[in-house]
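The values are calculated or read from the model by the stated rules, or taken from the named source; none is laboratory data. These numbers were taken from a predicted model, which means no experiment stands behind them. Ideal geometry is used to build each Cβ from the backbone, glycine not excepted, and the neighbour counts take in all protein chains shown.
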Amino acid sequence: MSSQSPAWVSETFWKKMAIWVTAGSFVLLIFLTFDSMRQILAGSSRVPDYSVINKDISYRYDKSRKRFQPVIEGDAPLFGKALSEEQAEQLVTLGKKTIQAKNCMNCHTLLGNGAYYAPDLTKAWLDQAWGSKDIREDLMVQFLMDPEKYARTYGSQRKMPQLGITEKEAKAIVAFLKWMSSIDTNGFPNNFTAIGEGEEE
């Protein structure tokens, strides 16, 4: 009877296995990183081009997918002016940078990331609290520029502080929020009824 031990019990075998598993995991991580970057770039299947802010965006339940998802339909230029892709990108980028500069995520969440003191802003553009699509843009700009005067606390007594947001910055934030509302977030948030929409069918 052979007294030779199986290869899998040797120290050399496990060292080689560790090297191969580590190398394989590293390659897989690189692949997943590039795939994730491809999935979240503007213009991908889940994240529309910036010029989507020229369209009417809503959020409805899709029975075939069994989840809520953005619905992009006819023309609805932001502030009544259709923008080119380059112009839209510049405006949305300014809005994103303003949100970062004003530390909005200290209180709010965006796409589920941030703090939970104030409402999630992922679908803020579609929030029924704005009352009507016809006045939504103006109300949002007014609120951002003077949150004390146009406070919306809904009984929580939590008020947004005055952040010194200019009209240009406010319009850019609105553009960013409209663009963000078009992102397919796999049904997040669930059971959210968008402005202008009825109950789930």
Problem - Residue tally, condition free of Cβ contacts under 8 Å to residues at least 24 places away in the same chain and outside any loop (DSSP other than H, G, I, E, B), over the stretch 98-123 - result: 8
Exercise for the section: Please specify each residue of the stretch 35-61 satisfying the condition of being part of a helix (DSSP H, G or I) and either modelled with pLDDT under 95 or of a type in the set (Gly, Ala, Ser) (or both). Expected result: 35, 36, 37, 38, 39, 40, 51
Handout entry: Residue count, the stretch 62-96 (criterion: outside any strand (DSSP E or B), more than 14 Å from the chain's Cα centre (by Cα) and among the charged types (D, E, K, R))
Key = 7
Handout entry: So residue 124, is it touching a strand residue (DSSP E or B) at 6+ places or on another chain (Cβ under 8 Å), closer than 23 Å to residue 168 by Cα and among the small types (Gly, Ala, Ser)
Key = no
Handout entry: So residue 22, is it out of contact with any His (no Cβ under 9 Å at 6 or more places or on another chain) and either assigned by TED's automatic domain parsing to the domain that holds residue 137 or within 15 Å of residue 177 (Cα to Cα) (or both)
Key = no
Fill in the blank from the handout: Residues of the stretch 44-61 being under 14 Å from residue 186 (Cβ atoms) and surrounded by 15 or more Cβ atoms within 10 Å (Cβ to Cβ), in sequence order, are 47, 59, 61
Problem - Residue check for residue 46: charged (D, E, K, R) and in contact with a helix residue (DSSP H, G or I) (Cβ under 9 Å, 6 or more places away or on another chain) - result: yes
